[in-house]
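*Asks:* Please find one structure pasted underneath; my questions will follow.
No lab work stands behind these numbers, since they all come straight from the coordinates. If you're wondering where the values come from, they're calculated on a predicted model, not measured in any experiment. With ideal geometry, Cβ positions are generated from the backbone for all residues, glycine too; neighbour counts draw on all protein chains shown.
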Amino acid sequence: MEHKRVFVVGYMGVGKSSSGSRLARLMDLPFLDTDAELRRRHDCSINALFDQLGEDGFRALERDLLRELVAAHPRVLVSTGGGTPCHGDNLAFMKEHGTVVYLQMPAAGLVDRLRGRADQRPLIAGIAEEDLPEFVAQHLAEREPAYSQAHITVDARHFDGDRMKSVRSLIEGRMGFNP
Ligand code: S3P
C-alpha cells in the first residue's frame with residue numbers, strides 16, 4: 001500500500017487536534033492523536049504520566065508510540081504533542097516517514113488559548129497566569145527552530161476552508177505523495 005502520512009506539530013494550545021482531525025477528514029485519512037493515545041493506553045491523564053515517570057519517561061513513551069504508529073499505519077494523520085518534534089530524533093523520523101505540517105501562531109495568541117487550561121498541561125501547570133506570556137514567548141522561541149523545519153508551515157489563525165484545501169494540495173503534491 002502507498003504510504004501517506006501527515007504529522008501535525010506545533011505549540012501547546014495551537015489547535016493541533018481539532019485542525020488535525022478536520023484535515024484528516026478532508027484528506028480521507030485515519031486520525032490519531034499521540035496524547036489521546038497515551039491517555040487511553042495508560043488510562044490516566046498526561047499530568048499523571050509526568051508525575052509517575054518524569055518528563056524523560058514521558059518522552060520515551062512518546063518516542064516509542066510514534067514509531068509504533070508509523071509501523072502500523074501506512075496511511076494516517078497524526079496530531080503530536082507540543083514537545084514531540086523537539087526531543088531526540090522524532091523530527092527527523094517524522095520527516096523521513098511523511099509530511100510534517102507546522103501549525104504556527106504568535107505567542108500572544110497561544111497565551112490567550114492556554115489561559116485557564118494550564119491544569120491539563122504539566123509544563124505550564126506551575127506557572128502563574130501573569131508569568132504565562134513571558135514563559136510562552138521564551139519557550140516558543142526555543143522550540144521554533146525545530147517546528148520551522150516542518151515541510152509546510154501554516155498560520156493556525158486562518159486555517160480553514162480554502163486554506164486547508166491548499167495545504168492538502170501541497171501535501172499531495174510532494175514527491176512520492178501523489179494520490
Ligand atoms: C507538551 C505538550 C502536550 C503534552 C505534554 C507535553 C509539550 O501536548 O504532550 O503535556 O512538551 O509541549 P499538547 O501540545 O497537545 O498540549
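*Asks:* Any residue in segment 74-93 that's within 18 Å of Leu123 (Cα to Cα): show its pairings with residues that are of a type in the set (S, T, N, Q) and more than 15 Å from the ligand (Cβ to nearest atom) at Cβ separation under 9 Å, as long as the two are six or more apart or on different chains.
*Replies:* Pro85/Gln149
*Asks:* Further, regarding this structure: Given the conditions (1) within 15 Å of the ligand (Cβ to nearest atom); (2) touching a Ser or Thr at 6+ places or on another chain (Cβ under 6 Å), report the number of the one that Tyr147 does not fulfil.
*Replies:* It is condition (2) that Tyr147 fails.
*Asks:* Please give the number of the condition Val6 fails out of (1) surrounded by 19 or more Cβ atoms within 10 Å (Cβ to Cβ); (2) within 9 Å of the ligand (Cβ to nearest atom); (3) in contact (Cβ under 8 Å) with a residue 60 or more places away in the chain.
*Replies:* Only one criterion is unmet by Val6, namely (2).
*Asks:* Is there any pair with a first residue in segment 149-164 that is part of a strand (DSSP E or B) and a second that is of a type in the set (A, V, I, L, M, F, W, C) whose Cβ atoms are under 7 Å apart and which are 6 or more apart or on different chains, and what are they?
*Replies:* Between residues of segment 149-164 that are part of a strand (DSSP E or B) and residues that are of a type in the set (A, V, I, L, M, F, W, C), the close pairs are Ile152/Val101; Ile152/Val167; Ile152/Leu170; Ile152/Ile171; Val154/Val101; Val154/Leu103; Val154/Val167.
*Asks:* How do the helices (runs of 4 or more DSSP H) wholly within segment 10-72 filter down when requiring 3 or more residues that are more than 10 Å from the ligand (Cβ to nearest atom) and more than 25 Å from Ile124 (Cα to Cα): which remain?
*Replies:* Details: elements: 16-27, 34-42, 46-72.
Filter on segment 10-72 gives 16-27, 46-72.
*Asks:* Also, I was wondering about something else. Could you list all residues from segment 117-131 that are touching a residue at least 12 places away in the same chain (Cβ under 8 Å) and within 14 Å of the ligand (Cβ to nearest atom)?
*Replies:* Selection gives Arg117, Ala118, Asp119, Gln120, Arg121, Pro122, Leu123, Ile124, Ala125.
Rundown of residues vs (1) outside any loop (DSSP other than H, G, I, E, B); (2) out of contact with any Asp or Glu (no Cβ under 6 Å at 6 or more places or on another chain); (3) within 12 Å of the ligand (Cβ to nearest atom); (4) of a type outside the set (Phe, Trp, Tyr), yes/no style:
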{"position": "Val76", "(1), (2), (3), (4)": "yes, yes, no, yes"}
{"position": "Gly82", "(1), (2), (3), (4)": "no, yes, yes, yes"}
{"position": "Pro85", "(1), (2), (3), (4)": "yes, yes, yes, yes"}
{"position": "Leu91", "(1), (2), (3), (4)": "yes, yes, no, yes"}
{"position": "Lys95", "(1), (2), (3), (4)": "yes, yes, no, yes"}
{"position": "Val100", "(1), (2), (3), (4)": "yes, yes, no, yes"}
{"position": "Ala108", "(1), (2), (3), (4)": "yes, yes, no, yes"}
{"position": "Val111", "(1), (2), (3), (4)": "yes, yes, no, yes"}
